[in-house]
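J.: To start, I am sharing the structure in question, which I have written as structure tokens.
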Amino acid sequence: WIPDRETRVGIVALGIYLFTIAYSPGEGPVPFTYSAEAFPLYVRDLGMSFATATTWFFNFIVSITFPRLLGAFKPQGAVGWYAAWNMIGFMLILMFMPETKALSLEELDAVFSVSTRRHVLYQLRQVPIWIKKHVLRQKNVQEQPPLYEVAEEDKTYGPTAAAA
């Protein structure tokens with residue numbers, strides 16, 4: 001696709017650099033940190049083992065399928081195939097993985113008490129708001145009420161009326 005060798009090497013290097021920037025702080029450590037936060041102590045070892053096994057399983061799938069995809073689709077198609085799966089994974093994470101940052105195990109009970117259906121609907125309504133704020137740079141964008149709120153004075157967390 002790119003006949004000039006120097007340009008092709010530069011674009012490949014840029015792709016590797018951008019992948020490293022996105023993967024290293026994001027999707028690379030997510031299964032380990034998320035499962036370490038989300039599972040209660042009595043099943044944390046089992047949860048961590050499933051998270052690790054899932055990560056290694058998909059690493060195995062990529063290493064087995066990539067040579068065959070190179071032969072069938074050429075390099076652009078093989079990388080495009082995995083890029084499409086990454087977009088699908090991004091949407092699934094957006095819809096089905098609640099935020100657990102800076103919450104204790106006890107506080108996570110309130111987060112996970114919100115039904116999956118309500119969480120998905122909330123996240124899907126949040127996408128156009130995010131696009132308006134961060135892509136189109138619009139001011140005064142109407143925010144949604146939070147899905148769960150924090151009562152700082154007594155440090156209790158619970159679903160809001162929007163999640164009920």
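The values are calculated or read from the model by the stated rules, or taken from the named source; none is laboratory data. Since the structure is predicted, the reported quantities are computational estimates derived from the model, not experimental observations. Note that we place each Cβ from the backbone using ideal geometry, even for glycine, and neighbour counts take in every protein chain shown. These area figures cover heavy atoms from the full protein model, side chains too; ligands, DNA and RNA do not enter into them. Shrake-Rupley method; radii C 1.70, N 1.55, O 1.52, S 1.80 Å.
J.: Here are VAL114, VAL141, VAL127, VAL120: which of them is open to solvent by less than 70 Å² (accessible area, probe 1.4 Å), touching a Lys or Arg at 6+ places or on another chain (Cβ under 9 Å) and modelled with pLDDT of 80 or more?
T.: Selected residue: VAL141, the only one of VAL114, VAL141, VAL127, VAL120 that is open to solvent by less than 70 Å² (accessible area, probe 1.4 Å), touching a Lys or Arg at 6+ places or on another chain (Cβ under 9 Å) and modelled with pLDDT of 80 or more.
J.: Out of curiosity, is ILE2 outside any helix (DSSP H, G or I) and open to solvent by less than 70 Å² (accessible area, probe 1.4 Å)?
T.: Against the criterion (outside any helix (DSSP H, G or I) and open to solvent by less than 70 Å² (accessible area, probe 1.4 Å)), ILE2 qualifies.
J.: Mind listing just one residue for me: the one in region 83-111 that is part of a helix (DSSP H, G or I) and open to solvent by 90 Å² or more (accessible area, probe 1.4 Å) and, of those, modelled with the highest pLDDT?
T.: PHE96
J.: Going by the conditions given, is LYS132 surrounded by 12 or more Cβ atoms within 10 Å (Cβ to Cβ) and either part of a helix (DSSP H, G or I) or modelled with pLDDT under 85 (or both)?
T.: Numbers: surrounded by 12 or more Cβ atoms within 10 Å (Cβ to Cβ): yes; either part of a helix (DSSP H, G or I) or modelled with pLDDT under 85 (or both): yes.
Here the answer is yes, as LYS132 does meet what is asked.
J.: What number goes with the only condition from (1) open to solvent by 70 Å² or more (accessible area, probe 1.4 Å); (2) in contact (Cβ under 8 Å) with a residue 24 or more places away in the chain; (3) over 24 Å from TYR148 (Cα atoms); (4) not acidic (Asp, Glu) that LEU41 does not pass?
T.: (3)
J.: In this structure, is PHE32 touching a helix residue (DSSP H, G or I) at 6+ places or on another chain (Cβ under 9 Å), in a helix (DSSP H, G or I) and open to solvent by 100 Å² or more (accessible area, probe 1.4 Å)?
T.: Judged against the criteria, PHE32 is not a match.
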